[in-house]
Amino acid sequence: MNFELIIDILPAFGHAALVTLQASILAIVIGAAAGFMLNALAQIYPTTFGIFYRGFVWLIRGTPFLAQLFVIYFGLPQFGITLDAMQATVIGLGIYGAAYFAEIFRAAWQSIPNGQIEAGRAFGLGRRQILRHIEAPQAIRLAVPMLTNQAILILKESSVASIITVPELTMTAGTIVAETFSYAEPYLLLGLIYWLLALAFAGLGHGSEHWLGRRQTH
Amino acid sequence: MTLAERLADYMPAIASGMLTTAWLSMLAIVLGFFAALGLYVLRTRSGRIGAGAVKMYVSFFRGTPLLVQLLMLFYLPAAFGVDIQSELAAIAALGLNSAAFQSEILRAGFAAIPHAQIEAARVFGLNPRQILWHIQVPQVLRITLPSLTSETIDIIKGSAVISVLAIADLMRVGKQLVAVSHRPLEVYLSIALAYLLLTTLIAMLASAVVHRSREEKHA
């Protein structure tokens, strides 16, 4: 193990980690927002929007992200829609995430017993108050562990963007290998960095679970 | 050529890519299952060091991208002078990755079996190996079938990244077809649909099995 080499390549990896985080976090925000909307629309319009919702989830969850990314990056230019690699990655990962996030929100929503909503109505609460004070707080708390898990899945999936030459962590490792002719250090470091990032995401998830739990008991 | 004629032209290549993807994924799932059983035995029977090592293994393989695991398995042995075939690296990466996920699934399955059953089996004179294979594993398989199904689907989808090692799987076939036809949209959409066919078939097969085993139980 060449420690001098590791010190030399650390700045490049640091820069690449920022690219990975940027793509992942943008995709998580887009995916969570779109997933929330999709689930809300499917709940409000179960018949008209429900079919579209189920088709979308089936299509996205049944195909590899790499294939989706290729359709967006290589296929869309045929319609005159040309995206650079980073844009294609963020949009592709966002759409991919939306299907999973929507299902998480759906599961969290369905886990709240109907009796609670009826009780809220009996106490004279309006639909919006029930949503805000009864459904949303519980649904969010139930969803946090699953949302954390999904965020980690998106972080890991972003490595696939290296195949369409986004200069994130995985592609940077390949570039360093091509420049230094050493395989061991860049690839060991690469695995270690992803592992630490995933553990950090998991830690953030646990932290927010605690925070939400504490807030609710007050 | 019309679109229909071109699609008919793609079919044989896509079918062969599907076969490669299907058998590599199945091999990885089966190998991953036995490795996951091994991890379970290590975790429960070899004390604190064994359990700690299993925990690290599971954490690493669940916390890093499959693509990175694949590249590490392919290039790290080369760094130490061992050349590894790309197919072997692909099966190893998919299998080791799946072992980590399956070991978490199996753990939940083992935990769901009442302890009294194990004690009863011991009283009847069964040894630990017989208890594992004849009492625990059949029930664990039945309990965890839905989770194992979604893991199988994850592996089929995840296996698309092995195309970077020039293995002629479904994804790689797509790239080759695009190189000839220069029509990426229809080719990659066909490839995506072929994956959808594989994953949907697996999901339908599993739900049929679950349905049947439920009926058997009630009969």
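FYI, it's all coordinate maths here, none of it is from the lab. All figures in this text were calculated on a predicted structure; none of them were measured in a lab. Every residue, glycine as well, gets a Cβ built from its backbone with ideal geometry; the counts of neighbours run over all protein chains shown.
Numerical summary
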| read-out | value |
| --- | --- |
| Neighbour-count ranking [beta-carbon atoms within 10 angstrom, fewest first] of A:ARG121, B:ARG48, B:ARG43 | B:ARG48, A:ARG121, B:ARG43 |
| Range in chain B, longest, excluding exposed chymotrypsin sites (Phe, Trp or Tyr not before Pro) [loop by DSSP; at most 15 other beta-carbon atoms within 10 Å] | B:125-219 |
| For chain B: relative contact order, % (alpha-carbon pairs under 8 angstrom, 6 or more apart) | 29 percent |
| Spatial separation of Cα centroids for the stretch B:77-142 and the stretch A:55-97, in angstrom | 36 Å |
| Centre separation in Å (Cα based) which lies between the stretch B:150-170 and the stretch A:106-179 | 25 Å |
| For residues of A:54-64, the mean tally of beta carbons on other chains within 10 Å | 5 |
| Relative contact order [Cα under 8 Å, 6+ residues apart], chain A, whole percent | 30 percent |
| Average beta-carbon neighbours from other chains, 10 Å sphere, peptide B:184-194 | 6 |
| Average partner coverage of B:203-213, which counts Cβ from other chains inside 10 Å | 0 |
| Cβ-placed point charges (K, R +1; D, E -1), dipole of the stretch A:113-202 about Cα centre in debye, nearest 20 | 700 debye |
| Listed residues B:VAL178, B:VAL82, B:VAL58, most fluctuating in chain B (Gaussian network, C-alpha, under 10 Å) | B:VAL82 |
| Angle in degrees between helix B:184-218 and the longest Cα principal axis of chain B, rounded to the nearest 10 | 30 degrees |
| Prolate/oblate/rounded call for the stretch B:119-199, Cα gyration tensor, a/c under 1.5 rounded | prolate |
| Gyration tensor (alpha-carbon) shape descriptor, the protein assembly as shown, a/c threshold 1.5 | rounded |
| Estimated dipole of the protein assembly as shown in Debye, rounded to 20 [Cβ of Lys and Arg +1, of Asp and Glu -1, Cα centre] | 1620 debye |
| Distance (nanometres) between label positions extended 7 Å along Cα→Cβ at A:LEU125 and A:HIS210 | 2.9 nm |
| Integer Hz, Karplus 6.51/-1.76/1.60 couplings in order for the stretch A:51-66, x for Gly and Pro | 5, 4, 4, 5, x, 4, 5, 4, 5, 6, 7, x, 10, x, 4, 4 |
| Positive-pole candidate from A:ILE117, A:ILE30, A:ILE154, dipole of the stretch A:3-217, charges at beta carbon | A:ILE117 |
| Rounded tilt (10° steps) of B:86-111 against the dominant C-alpha axis of chain B | 40 degrees |
| Order of A:ASP8, B:ASP83 - criterion: other Cβ atoms within 10 Å of each residue's Cβ, fewest first | B:ASP83, A:ASP8 |
| Cα long-axis angle, helix B:66-79 against chain B (0 to 90 degrees, to the nearest 10) | 90 degrees |
| Structure-based [θ]222 nm, chain A - -39500 (n - 2.57) summed over DSSP H runs of at least 4, per residue, nearest 500 | -26500 deg cm²/dmol |
| Chain B: most fluctuating residue of B:PRO114, B:PRO65, B:PRO184 per GNM, C-alpha cutoff 10 Å | B:PRO114 |
| Rounded, prolate or oblate (a/c below 1.5 giving rounded, otherwise prolate when a/b exceeds b/c) for chain A by Cα gyration tensor | oblate |
| Label zone at B:THR2 (point 7 Å along Cα-to-Cβ), backbone N below 17 Å, the stretch B:158-193 | none |
| Once exposed loop chymotrypsin sites (Phe, Trp or Tyr not before Pro) are cut out (DSSP; at most 13 other Cβ, 10 Å), longest piece of chain A | A:1-122 |
| Charge dipole (the protein assembly as shown, unit charges on Cβ, about Cα centre) - positive-most of A:HIS206, A:ALA178, B:ALA79 | A:HIS206 |
| Rounded to the nearest 20 debye, dipole of the stretch A:3-217 from Cβ charges on Lys, Arg, Asp, Glu | 1260 debye |
